[in-house]
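*Asks:* Before anything else, here's the structure in question.
The values are calculated or read from the model by the stated rules, or taken from the named source; none is laboratory data. Treat the numbers as computed from the prediction; the structure is a model and nothing was measured. Counting neighbours? That spans all protein chains shown, and the Cβs are built from the backbone with ideal geometry, glycine included.
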Amino acid sequence: MRSSWKELLKVAYEESTNSPDPSTQNAALLIDDGSIILAAINEFPVGVLYTEERWERPLKYQFVEHAERNLIYKAAKQGIATDGLTMVSPWAPCTNCARAIIQAGIKCLVRHKDAEKRSPEFWAEEIRVANQQLKEAGVEVLDYHGKIGGPEVRHSGQIWSP
């Protein structure tokens with residue numbers, strides 16, 4: 001894997017520190033020809049009120065927008081075509097995000113394999129099915145293995161140094 005992917009993953013981790021999620025911070029970057037054209041984090045939709053109660057599972061999943069889908073929605077709102085582009089996002093996508101990546105025409109997904117290994121067991125089947133969807137749809141998945149550096153982030157309620 002090119003070293004530039006490591007640097008882009010580091011930028012994604014830096015961007016993820018803007019996520020207000022008290023449990024897991026994530027970000028996604030839209031890449032065109034090696035350049036970042038857009039970034040998004042996991043957060044509530046614009047205008048939806050943040051409350052502590054809404055960040056608790058399972059209610060959280062009815063309010064939070066994952067970084068991957070948030071990025072695709074932001075691109076659509078700004079008139080940015082995603083077809084054929086690359087997404088960089090440290091964590092493995094859920095099935096909803098995988099379908100969005102596929103439908104948006106994103107052709108390559110770069111992620112941090114070390115982050116996926118930290119995912120709680122209850123996400124294992126979700127990640128497995130998402131990986132299957134991406135593979136069947138022809139989305140190239142590039143996993144970076146190893147230390148990234150950059151800021152500490154929250155994952156599953158714990159602080160982690162990627």
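*Asks:* Tell me, which residue of region 89-130 that is among the β-branched types (Val, Ile, Thr) and in a helix (DSSP H, G or I) is surrounded by the fewest Cβ atoms within 10 Å (Cβ to Cβ)?
*Replies:* Within region 89-130, the match that is surrounded by the fewest Cβ atoms within 10 Å (Cβ to Cβ) is Val129.
*Asks:* Among the candidates Tyr13, Tyr61, which residue alone is part of a helix (DSSP H, G or I), out of contact with any strand residue (DSSP E or B) (no Cβ under 9 Å at 6 or more places or on another chain), of a type in the set (Phe, Trp, Tyr) and within 21 Å of Ile127 (Cα to Cα)? Can you show your working first?
*Replies:* Working: Tyr13 fails: out of contact with any strand residue (DSSP E or B) (no Cβ under 9 Å at 6 or more places or on another chain).
Selected residue: Tyr61, the only one of Tyr13, Tyr61 that is part of a helix (DSSP H, G or I), out of contact with any strand residue (DSSP E or B) (no Cβ under 9 Å at 6 or more places or on another chain), of a type in the set (Phe, Trp, Tyr) and within 21 Å of Ile127 (Cα to Cα).
*Asks:* Next question, about the same structure. For the list (1) under 16 Å from the mean Cα position of the chain (by Cα); (2) under 20 Å from Ala92 (Cα atoms), I need the number of the one condition that Pro45 fails.
*Replies:* Here Pro45 meets the rest and fails (2).
*Asks:* Pairs needed: first member in region 103-119, farther than 12 Å from Trp91 by Cβ; second member anywhere, in a loop (DSSP other than H, G, I, E, B) and among the acidic types (Asp, Glu); C-beta distance under 9 Å; at least 6 residues apart or different chains.
*Replies:* Ala104/Asp83; Gly105/Asp83; Ile106/Asp83; Lys107/Asp83
*Asks:* Quickly run through region 23-49 and pick out the residues that are at pLDDT 95 or above, part of a loop (DSSP other than H, G, I, E, B) and under 20 Å from Gly157 (Cα atoms).
*Replies:* Passing the criteria: Gln25, Asn26, Asn42, Phe44.
*Asks:* Looking at His112, His155, His66, which is the one that is under 23 Å from Asn18 (Cα atoms) and at pLDDT below 95?
*Replies:* Being under 23 Å from Asn18 (Cα atoms) and at pLDDT below 95 holds for just one of His112, His155, His66, which is His155.
*Asks:* Which residue pairs have Cβ atoms closer than 7 Å, lie 6 or more positions apart in sequence or on different chains, and pair a first residue in region 3-17 that is modelled with pLDDT under 95 with a second residue that is surrounded by fewer than 16 Cβ atoms within 10 Å (Cβ to Cβ)?
*Replies:* Ser4/Gly34; Trp5/Leu142
*Asks:* Taking into account only those residues within region 136-162 that are in contact (Cβ under 8 Å) with a residue 24 or more places away in the chain and among the hydrophobic types (A, V, I, L, M, F, W, C), which is farthest from Asn26 (Cα to Cα)?
*Replies:* The extreme case among them is Ala137.
*Asks:* Let me ask something else. Starting from region 20-32, keep only residues that are within 18 Å of Leu49 (Cα to Cα), then list their pairs with residues that are surrounded by fewer than 16 Cβ atoms within 10 Å (Cβ to Cβ) and not β-branched (Val, Ile, Thr) whose Cβ atoms are within a distance under 7 Å, requiring at least 6 positions of separation or different chains.
*Replies:* Short answer, once both residue conditions are applied: Pro20/Tyr50; Ser23/Ser156; Ser23/Gly157.
*Asks:* Which residue, of Lys113, Lys147, is over 16 Å from Ala67 (Cα atoms), in contact with a Gly (Cβ under 9 Å, 6 or more places away or on another chain) and not aliphatic (A, V, I, L, M)?
*Replies:* Going through Lys113, Lys147 in turn, just one is over 16 Å from Ala67 (Cα atoms), in contact with a Gly (Cβ under 9 Å, 6 or more places away or on another chain) and not aliphatic (A, V, I, L, M): Lys113.
*Asks:* Failed condition for Ala75, given (1) surrounded by fewer than 21 Cβ atoms within 10 Å (Cβ to Cβ); (2) assigned to a loop (DSSP other than H, G, I, E, B); (3) under 16 Å from the mean Cα position of the chain (by Cα), with all others met?
*Replies:* (2)
*Asks:* Could you please find all residues in region 132-159 being part of a strand (DSSP E or B) and either in contact with a helix residue (DSSP H, G or I) (Cβ under 8 Å, 6 or more places away or on another chain) or of a type in the set (Lys, Arg) (or both)?
*Replies:* Selection gives Val141, Leu142, Asp143, Tyr144, Val153, Arg154, His155.
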